[in-house]
Structure formats: C-alpha cells, structure tokens
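Below you'll find the structure, written out as structure tokens, and then a few comments.
What follows draws every value from the coordinates through simple rules; no lab data is involved. As the structure is a computational prediction, the values presented were derived from the model and not from experiment. Virtual Cβ from ideal backbone geometry, glycine too; neighbours counted across all protein chains shown.
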Amino acid sequence: MKHYIYYLLVFIFTFNSCSISKPVNYSFEDSKNSLHPQFLVYHQTNSKSKLYFQLDTEDLLYSRKNLTEPFSAKIYLEYIVYQKNRKEIIDSGSYTITNQYIENKKTKIDSNFNFRFPYNQLGFIEVKITDVNRSKNYFGTIEIDKFKQSNRQFFLLSDTANNIIFDNYFRSGQSIIIKSNFNYTTLFASNNNTVFPLSSPPFSKSYQPIYPKKTASSSKLNFSKKTTSCQLPENGFVFFQLDTNINSGFTLFNFHSSYPNLNRPELLIPPLRYLTTKDEYNMLIAHSNPKVAVDQYWLSKGASKERARSLIRTYYSRVEFANKLFTCHLEGWKTDRGLISIIFGPPNYISNNKNMEVWNYGDENNLNSLKFIFEKKMNPFSSNDFALKRNYSYRNPWYRAVESWRNGKVYLVQ
C-alpha cells in the first residue's frame, strides 16, 4: 500500500446496539478522486427531519460535450432511514443534483432533503452518493437521535451570513444564530477554558480522561420566534444545555482559525512532539522563525530536500486527516486515534463492536502485526472520544516506528 494513499474503514458514527462499517477511500495526493461530503441532521417536527449535506466541487468531475455548453457535474444520492434495530425501514428515496458553470465554479454544493422519522426514537440513515461523470461512490452512515432533546440535531446553527455550520468547532469571537422548531425558551451556554493534554505513548500507564465541569463563564440565551444568537468567546469551548442539572448537551470547540488544516508554520511544530526529544521540542518552540525551525528539523531527518518534502507531506497529511476524523474535546491529532494513525499510518482493517474500535496492522500471521483497541468514553462534550487500551507490549513497536521517522523513513508495519 502506498503511503500517500490512505484506505481506512471509517465509522461515521457508532451505535450501542449494532456494528456498522463503511469503506471510505482517502487520497491526500489527489483529492479529486475522492468524495468528502459533510452531513447534518436537523429535526423539524415530531415526525419529520431534514438531512443537510455539503460537497466540495473540487471533489467532482465536471465535463461538457462541446465548447458551446457549460461544464456540468451530476450527483446521484440514495438514502435509507432505519430505526436503531435495523429491522424496519422508516423512509427511503433518491434524487439527482446537477451543477453547472461557464467560467466561475462554486466552491461547494449545498443541498438537503426531508425524511420521516418518529419522535423519541434512535436510528440512522445510510447514504450513497455517486459522482455520475466519474462513477465514484461514497457510502456513509449517520446517526439519528430524536430521543435526547439536548443534542445538536434539535438545533440548526448558522453564521451571520446564514451559512449552515456543519462542524463542531468555531473561530475566535464568531457570532452564530441558533434555531429550533421545538419551542424552547432558553438555552444555557457555558464557556470552558480547560486545556487538555495530548496523548501519551501507547505503552505508558493507562489513565482516565477528566472532563471538568468548571466554567469560565455562563450565559442564558433566550429564544425569540424559535431563534437565538450567541457571541462565542475568544478562547476555550462552549457547552450548550437545555438544563444545567443534566450532564448532556452539545459543544462547539475553538482550536485555531484554519482548523482542521495547518496553514501557518507555527501550527506545524506541536505535532512534532510525538517524534522529538524534550530538548529538541523546546528548541523548536523557542526558535524565532517557526518555518525555518520546521524546515531544519525535517532536513536533518531526510538528508535531502526531496526526502524532507516527502516526509513533510506525509506526516502533516496524517495530522490533518486526524483533525478531520477524530476531533472531540481535543484537536484530532492530539487524540489516541490521532496518535496511532500519524505514527503507524492507516490500519489494514478496522472492526467495530458496540463501543469499541479495533485497528489491525499487518498480516495476522506476522509476528510484527499489531492490534490497537480503542474504547468509547462517556464524554459530556463529545460523542467522538475513544481512548486507547494502553499496554507495555507496545513499547518496542512504538520506538521502532518513531526511530524510522527520525531516520527519514515513513514507517509501515511489514
């Protein structure tokens, strides 16, 4: 498997009662060959809900039959809605979206559709999206939670330009508008400035994450005509709740302005902590020019500009990949799954069993094969928090992988 093509079995959401997995191809070298849609469920009434989705036009193939016609892309979307036990189909359907341009192409395609789903129930919606011009498919499974009224699916978030917010992170000082059709009168927003540490090596002593409830400040948001607004803080994250006496709600996190991407030199230094000694890392942090510091570090490992570029491209692609998939109360690269995916690369196979993910590296019959088990944590701020079951047996594989990187070679489990 080439290191720059990532094939990873991704679990979009994990359910308590069933095991669902869909293969998704991630290509960091040629993103146009992959589809990376975003989804958002919003409950409109007791019986009806809506799925919003957004797709980058750079992921699609545009073509035209002759020079007089506009460039055109065609998307075919199919969906099936199930209850949690998968025994009953609640709704299903399909439709086609055509997007055209002559000179200036839009950066994104936004669409939505209504579907039926009963109140006080849990379930999921399976989605298949096809780029008709390329015959490229995407398969995704999205959780439906119409049981816990404090979860985000009962609220529709948008910015001041009326753009729907799909992500669970925000920019410092951003203003948002929150809409709900369920006649809520108030929503409580608690700002939290807790700084969480990044993951420790997989062989270190196991620890239990701590999710402190202490807040820097709290405010009460009043709904008027089913809408309220919120000025988000410059620092920290915000936990939104209908009832502060119940430990449930939804969270928006504040990382940095370009998150999940790394578009500034100073952002490239922190992820190097997995590869550096303490003294090396302190020197990188103290350097007056972050770009020079990062370049010098990788040149010292790669021994040539070409090798250094390859190392940089692979390593930071993995960091951004982790940010996109594993963000919870931490930046994705700081999580346990981020740690393993960055250092060891994509696993050969992922299996899911209720609240657990098992990542398998290498051939089962190979003595060097590895298995990492991640357990889902009860985290009030995120449903995407999985902690590695640490074991001292990972010590040698960890140091072998890190040493490979430090010797200028991308590590792969043989």
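The GluC sites (Glu not before Pro) of segment 308-377 meeting both criteria, a DSSP state outside H, G, I, E and B (loop) and at most 15 other C-beta atoms within 10 angstrom of the site's C-beta, are 364. For residue 385, nonlocal amide neighbours, meaning residues 5 or more places apart or on other chains whose placed amide H falls under 5 Å from its own, are 377. Applying the Karplus relation 6.51 cos²θ - 1.76 cosθ + 1.60 with θ = phi - 60° to segment 300-316 yields 3J(HN,Hα) values of 5, 8, x, 6, 7, 5, 5, 5, 4, 4, 5, 5, 4, 4, 5, 4, 7 Hz, where x marks Gly and Pro. Looking at segment 118-216, the trypsin sites (Lys or Arg not before Pro) that sit in a DSSP loop and have at most 12 other Cβ atoms within 10 Å of their own Cβ are 205, 213, 214.
Each other residue within a Cβ distance under 13 Å of residue 375 adds +1 if Lys or Arg and -1 if Asp or Glu, for a net charge of +3. Bridging of residue 74 to lysines at a Cα separation below 25 Å is possible for 22, 32, 50, 65, 105, 106, 108, 128, 136, once same-chain residues fewer than 8 apart are set aside. Just check segment 161-210 against the gyration tensor rule for me: Cα atoms, a ≥ b ≥ c as the square roots of the eigenvalues, rounded for a/c under 1.5, and otherwise prolate or oblate depending on whether a/b exceeds b/c. Prolate, since a/c reaches 1.5 and a/b exceeds b/c.
Electrostatic tally near residue 407: other residues with Cβ closer than 13 Å to its Cβ, Lys and Arg +1, Asp and Glu -1, net +4. Taking a Cβ cut-off of under 14 Å around residue 294, the surrounding Lys, Arg, Asp and Glu residues balance to a net charge of +4, with basic ones at +1 and acidic ones at -1. Neighbour counts of other Cβ atoms within 10 Å put 294, 319 in the fewest-to-most order 294, 319. Springs join every pair of Cα atoms under 10 Å in this Gaussian network model of the chain, and among 54, 296, 153 the largest mean-square fluctuation is at 296. Here Cα Rg over 2.2 N^0.38 Å was computed from the coordinates, and among (i) 1.03; (ii) 0.94; (iii) 1.45 the match is (i).
Across segment 165-173, rounded Karplus estimates of 3J(HN,Hα) from the backbone phi angles (6.51 cos²θ - 1.76 cosθ + 1.60, θ = phi - 60°) give 8, 8, 7, 10, 9, 9, 9, 3, x Hz, Gly and Pro being marked x. Extension gain, residue 113-residue 76: 0.36 nm per intervening residue step, less the Cα-Cα distance, totals 12.0 nm. Computed extension length for residue 369-residue 224: 46.4 nm, one decimal, from 0.36 nm per residue of separation with the Cα-Cα distance subtracted. Suppose each label sits 7 Å from its Cα in the direction of the beta carbon; what would the residue 58-residue 392 distance come out to in nanometres? A separation of 4.7 nm, rounded to one decimal place.
Taking a ≥ b ≥ c as the square roots of the Cα gyration tensor eigenvalues, segment 35-147 comes out prolate, since a/c reaches at least 1.5 and a/b is larger than b/c. For residue 205, a cut-off of 21 angstrom between C-alpha atoms picks up these lysines, skipping any fewer than 8 places away in its own chain: 278, 334, 371, 376, 377, 389. Of the residues 356, 276, 340, the one whose Cα sits farthest towards the positive end of the charge dipole of the chain is 356 (charges of +1 on Lys and Arg Cβ, -1 on Asp and Glu Cβ, taken about the Cα centre). Comparing 91, 279, 167 in a Gaussian network model of the chain where C-alpha atoms under 10 Å apart are linked, the largest mean-square fluctuation is found at 279.
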